[in-house]
Amino acid sequence: MEWWVFLSTFFLGLTGLMLIGLPVAFAFLAVNMIGVYLLWGGFNGFNQLVLSIDSSISTFILVPIPMFILMGSVMFHAGIAERMIRVIDQWLGFISGRLAVLTVGAGAVLSTLTGVAMGSVAMLGGTLTPEMERRGYARTLAIGPVLGSGALAILIPPSTLAIVLASVGGFSVAKMLIAIILPGILLAIMYVIYILIRVKLRPQDAPAYEVPSVPLSVKLRDTALYLVPPVMVVVMIVVCIFTGLATPTESAAIGTFITFFLAAAYGDLSLAKLKHALLSSTKLSVMILIIMTGSASFSQLLSFSGATGAITTWATALDVSSITLMLMMMALVLIVGMFIEQTSIVLITMPIFLPIIGAMGWDPIWFAVVMMVNLELATITPPAGLSLFVMKGVAVPGTTMGQIYRAALPFILINILLMLILILWPALALWLPSLM
Amino acid sequence: QLRMVGAWAPGFSPTAEIGKSFMENVNRLGEGKVSIQFIGADDVMPPLDQPEALVNGVFDVWYGAPNYWAGVVPGGDITELSPAKIPDGGPGTPLYDFLVEAFAAKGVRYLGHAAGVPGVGAHYMTTRFPLTSIDDLKGHPVRVTPLSRHFVQKAGAESITLPPSEIFLALDRGTVDAMTWPIADAYTRYGWQDVTKYLVDQPMYRSGGGLAMNLDKWNALEPEIQQILLDSVKETQLFAQTWFADNQDEQVGLMKAAGMEVITLDPAEAERWNQVVVDALWAYYDTIYSPEQIATIKDLFAAAAQAD
Amino acid sequence: MRTPLRVFDLLITLMAWMAALLLLTLMLATVAKVGLRATTGYGLLGIDQLSGLIMVWMTFLGAPWVLREGGHVVVDLLILNLRGRSAQVFAVVAALLGAIVCLTIAWFGLQAVLTSLRRGILVAAELEIPRAVNIAPIPLGMLFLGLEFLRRAATALSGGTVVTQGEGH
Ligand code: NA
Ligand code: NA
């Protein structure tokens, strides 16, 4: 069979199955079954398909995924996240657009607790968005920063997606987690700058209001009690990885373990909450890992068919500069990301990208960081970004999908700007890991 | 037309040249009658999944490390301990036939083990700390391969399994402070010479490359074609002897140039080291083979070494 | 009809709880390993391999429950905009396809387990356990997933609503 016949059948089949509502994990398995039948010797190959399902997820490299999810879940359910937002609120004082800035700040801090976007969006969108509406903020300003902050959750460690990407790409998990820190912080700063400029130009979008002043001693006490300890957990994880004291897997497990004590210390860890946190993190972990079960065979079949090799040859022979090729690849991810969720994007695109990265001699970590920004962007790009739907669910009644799309747009552009910056100045992504 | 998948891509890994050499020999000797097409390496399938895939008939011919068979054909990598120049003696010898039989029982046609002469192309220990005796390994975390883990554990060190992509960082951070590797196989291309300081000049096991085929596919071939494949194995096994020597010389040169120091153990310590290495692996094979089989293997080894 | 369904639901819930406990075990095992290394200088051998094994068991024990709760990721771009008859047809077709995929893999997964046992295949790592222990949860989970998909097909066929995107994110 010609590789392009195979490739187009593969992708059309996958798209079709996903669109009729088959969960993506099973859509992958379905096309894999057909590919295995055609390329791996009929039904004999099915034995290998089963083995590849095992190989895809039976690795300790992926253990940080459920750990990060559990950690975030415990922190959220024990009310740690709420307390942190309150502390930041106290510190912010009066600045123009303070609630929008607070959203970004809270999003950045929450992102150190969680590796998935949805939790962050639900929390911020459920509390701060109504507050902003009440204070007369423009609806797009009440929604946009929440969406942007959800994206931050994926970019700032811990990040489950970074683990997925490193595992599928064969990159160093440790370097990935360290490399995304600077771009993550930069993204938060860019969000704040945008808000400040916008409020300066259109003061009516964020009416000022009286802020009750909190005594410094209270601020300091609350910070020490409620902000420092949870952030220290994440700082500890990052430091352990950075210094090599422990592997990412070990650091994640220890961080999660400590989180339980932290939650207990706040006196907020009832058995019911513990049960809820445990079950919801099991659900989320399974949801991601079951998609990963299709990963090994999917990429192996693409290689086997000759499609990967042919596309690599084609791409590297293109008469374009290295940067143009990178831009083309990122545009492709952006488009795919408009329609499907992130783990699937990684599975679909990385098998084809990896040989190109190798052939072009790019630093894989640099590529992976740019890819990460692109992937977190996928949660907020219309029409199918998951965060958009979560936002719709928690937003003020009467909010239309169109308003949410419009609110997301500036933040989408900021993300694209960050991608361009990273493409032009790779050092931004590579400097921190180079110190390891 | 036979489809071949290997553990590593030729070009980066010198050991992968074993597969490439075999393919080229077959395509030359079997022109018009049989040919091998290379499908890919670890990009097509993770190396440790490849042996089972070969049994399942996903592809026809395979090359990789002999010890990748440890899970599917336990004891199938026994030639790691062979004292003969060509580890399995080559096609037609009693030792070779013993292996053919052991693999056939698991649905695999054994084709050959190609390596440097004993002591060349072997596994070596590289460390971040100086040492004069095997006792100095005690308590250190050491990155191992499935093959070297027995010896490392016996030496009282902590064995840690890591994929090659994680080794550099683990050494640099001190997560492990030693590793074993067949240094002829591109040691410096991974950059490890920058994170290790010492090379213990004490060869361990044979390493090199293994070749195998799906058994049904082999049985379906005409005897004439089978002979062409066996002749190709012979040529590749001869090629391997100088190939690994050349690559090891090159790697040691590069390691020294990068500031690594070669530690030569004093003869008594070298003997002790070697004894632990050999005994640890025999102890493992004792759990797989019966005492009679072990005796047979040792006889076959002696005969093969005699024939050199 | 009632009782078998109730037993089926009970089993799925039971498997989910086992998955949740495995998640805790995953954390505790690694913590124990690090703790031992910090205190005695030796890590616990084979924990990393065991973690990999737990990942597979956790995923496949939990997957049928996640499907029942509507937690698996679905691209609902198209189906959200469908109404009435066509929505029903899509739901039935998707559920039946899911059942076919899962039951097929359950069947071949069972064959893979048996083949692996017959060939005596071991995982060549710190713990030399049979590879079949790794593969066994796949047919088990896939069987329950397949049955759950069949139930979804039946629900959709009788005009009921199938949960697609769960509340639990
Ligand atoms: Na995060
Ligand atoms: Na999207």
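The values are calculated or read from the model by the stated rules, or taken from the named source; none is laboratory data. Only a predicted model underlies this, so the values are computations on that prediction, with no experimental measurement involved. Every residue, glycine among them, receives a Cβ derived from its backbone with ideal geometry; neighbour counts consider all protein chains shown. Just the protein is used for accessible areas: all its heavy atoms, side chains included, with ligands, DNA and RNA removed. Shrake-Rupley method; radii C 1.70, N 1.55, O 1.52, S 1.80 Å.
Observations
- Every residue from the stretch A:379-404 that is within 14 Å of chain C (Cβ to nearest Cβ) and either more than 11 Å from ligand 2 (Cβ to nearest atom) or under 16 Å from A:Gly119 (Cα atoms) (or both): A:Thr379, A:Gly385, A:Leu386, A:Ser387, A:Leu388, A:Phe389, A:Val390, A:Met391, A:Lys392, A:Gly393, A:Val394, A:Met401
- Test for B:Ala7: is it within 16 Å of the chain's Cα centre (by Cα) and among the hydrophobic types (A, V, I, L, M, F, W, C): yes
- Residue in the stretch A:316-328 that is within 16 Å of ligand 2 (Cβ to nearest atom), more than 23 Å from C:Leu145 (Cβ to Cβ), surrounded by fewer than 19 Cβ atoms within 10 Å (Cβ to Cβ) and modelled with pLDDT of 90 or more present: no
- Pair list, Cβ < 8 Å and 6+ apart or interchain, from the stretch A:370-386 residues that are open to solvent by less than 10 Å² (accessible area, probe 1.4 Å) to residues that are within 16 Å of ligand 1 (Cβ to nearest atom) and of a type in the set (Ser, Thr, Tyr): A:Met372/A:Ser159; A:Thr379/A:Ser387; A:Ile380/A:Ser387; A:Gly385/A:Thr379
- The residues on offer are A:Phe304, A:Phe298, A:Phe353, and the sole one that is out of contact with any Phe, Trp or Tyr (no Cβ under 7 Å at 6 or more places or on another chain) and either polar (S, T, N, Q) or open to solvent by less than 10 Å² (accessible area, probe 1.4 Å) (or both) is A:Phe353.
- Qualifying positions in the stretch C:53-107 - facing another protein chain (nearest Cβ under 8 Å), charged (D, E, K, R) and either over 30 Å from C:Leu24 (Cα atoms) or assigned to a helix (DSSP H, G or I) (or both): C:Asp76
- Sole exception among (1) open to solvent by 40 Å² or more (accessible area, probe 1.4 Å); (2) modelled with pLDDT of 85 or more for A:Asp54, by number: (1)
- Being farther than 15 Å from C:Leu26 by Cα and either of a type in the set (Ser, Thr, Tyr) or crowded, with 24+ Cβ neighbours inside 10 Å (or both) is a description that applies to A:Ala246.
- Flag if A:Val101 is open to solvent by 10 Å² or more (accessible area, probe 1.4 Å), at pLDDT 85 or above and more than 7 Å from every other protein chain (Cβ to nearest Cβ): yes
- Looking at A:Thr293, A:Thr256, just one residue is facing another protein chain (nearest Cβ under 9 Å), closer than 22 Å to B:Met45 by Cα, open to solvent by less than 20 Å² (accessible area, probe 1.4 Å) and touching a helix residue (DSSP H, G or I) at 6+ places or on another chain (Cβ under 6 Å), and that residue is A:Thr293.
- Where helices (runs of 4 or more DSSP H) fall entirely within the stretch B:201-308, those with at least 3 residues that are within 17 Å of the chain's Cα centre (by Cα) are at B:223-257, B:267-286.
- Members of the stretch C:9-52 that are more than 8 Å from every other protein chain (Cβ to nearest Cβ), open to solvent by 70 Å² or more (accessible area, probe 1.4 Å) and either more than 13 Å from the chain's Cα centre (by Cα) or under 19 Å from A:Thr249 (Cβ atoms) (or both): C:Leu10, C:Leu21, C:Ala38, C:Thr39, C:Thr40, C:Leu44
- Members of the stretch A:329-347 found to be open to solvent by less than 20 Å² (accessible area, probe 1.4 Å) and away from chain C (no Cβ under 11 Å), listed by number: A:Met329, A:Met330, A:Val333, A:Gly337, A:Ile345, A:Val346, A:Leu347
- Residue count, the stretch A:49-83 (criterion: part of a helix (DSSP H, G or I), over 11 Å from A:Ala296 (Cα atoms) and in contact with a helix residue (DSSP H, G or I) (Cβ under 7 Å, 6 or more places away or on another chain)): 20
- Among all residues of the stretch C:137-156, there is at least one that is at pLDDT 95 or above and β-branched (Val, Ile, Thr).
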